[in-house]
1. Arg112's amide H: which non-local residues (gap 5+, or another chain) put their own amide H closer than 5 Å, with H modeled 1.01 Å from N in plane and none for Pro or chain starts?
2. So what is the diffusion coefficient of segment 56-149 in µm² per second by Stokes-Einstein at 4 °C and 1.567 mPa s, using a Kirkwood Rh over Cα pairs?
3. Grab every C-alpha pair in the chain, bin the distances at 10 angstrom width from 0 up to the longest one, and report whole percents.
4. Which whole-number percentage describes the relative contact order of segment 24-129, with Cα contacts under 8 Å and a sequence gap of 6 or more?
5. Between segment 128-172 and segment 175-219, how many Å separate their Cα centres?
6. Once neighbouring chains are kept in place and the probe is 1.4 Å, which whole percent of the accessible area of the chain is contributed by carbon and sulfur?
7. I'm a student and want to see the number: the projected area of the Cα convex hull of segment 119-219, averaged over all directions, in nm².
8. Please list 47-57, 194-204, 66-76 highest first by mean number of surrounding beta-carbon atoms within 10 Å per residue.
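The values are calculated or read from the model by the stated rules, or taken from the named source; none is laboratory data. Here the structure is a predicted model, which is why all the values come from computation and not from measurement. All Cβ positions, even for glycine, are placed from backbone atoms using ideal geometry, and neighbour counts span all protein chains on display. These accessible areas exclude ligands, DNA and RNA; they are computed on the full protein's heavy atoms, side chains included. Shrake-Rupley method; radii C 1.70, N 1.55, O 1.52, S 1.80 Å.
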Amino acid sequence: MDATQKKRAAARAALEFIEPGTRLGVGTGSTVNCLIDLLPGVRDRIECLVSSSKATTALLEKQGFEVSTLNQVGALDLYIDGADESNKRLQLIKGGGGALTREKILASAARRFVCIVDDSKLVGMLGSFPLPVEVLPMALEFVSRRLVKLRGQPVWRKDFVTDNRNYILDVRGLQIVNPLETEERINRIPGVVTVGIFAHRPADVLLIAGDQGVRELRA
């Protein structure tokens, strides 16, 4: 299978986790877009939908869904999203699409987090993919200097503003040996909104699509 076929296979496998009456959170990205294409087939199982980005909201509304806010819904039964990297502990790097803060909020609000990826995203150690960090605009240079002290190489994602009207720094060169500790250290930097390490709230289920089909890892 090519990459697109793998993404579709992972998205299809995630449908099994949508039970009748599910309050569903939907992530952002190319793999999730494959899921959104399939959601009309399980419309009768979905009680309500909450989106992690304006882009996802637009796609859901195009499929005829009404999108609620997390404040309206309160809590989620299930959150489905992709990832840029995952290790075998289901700790993730997310934020390639720039929606990491809202994604982390929805993942934390969900009873179960199902992550859908192709097999290229499973790694031994997080950090080959540049780590996204959402920062307040006024703190861009300050946060960059602090990230350099952590031996990272931050690069401002130019011509991009998050849905929260903040900036993204993509940090290269990090070997994230201890994702929990690294997540905490970066989140403590004043001006950081959140970092794209999902270690304190990892996935509960990882669906990995490869040439032999979709396999499942659980936390």
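1. Those qualifying (amide H under 5 Å, at least 5 residues apart or on another chain) are Leu78, Tyr79.
2. It diffuses with D of about 84 µm²/s by this estimate.
3. Percent of Cα pairs in each bin: 9, 35, 36, 18, 3, 0.
4. Working: 171 pairs, mean separation 34.1, N = 106.
With pairs under 8 Å counted, the relative contact order is 32 percent.
5. Taking the Cα centre of each part, segment 128-172 and segment 175-219 sit 18 Å apart.
6. 47 percent
7. Working: hull surface 29.7 nm².
Averaging across all directions leaves 7.4 nm² for the Cα convex hull.
8. Details: 47-57: 21.2, 194-204: 23.8, 66-76: 12.9.
In decreasing order of mean packing, 47-57, 194-204, 66-76 become 194-204, 47-57, 66-76.
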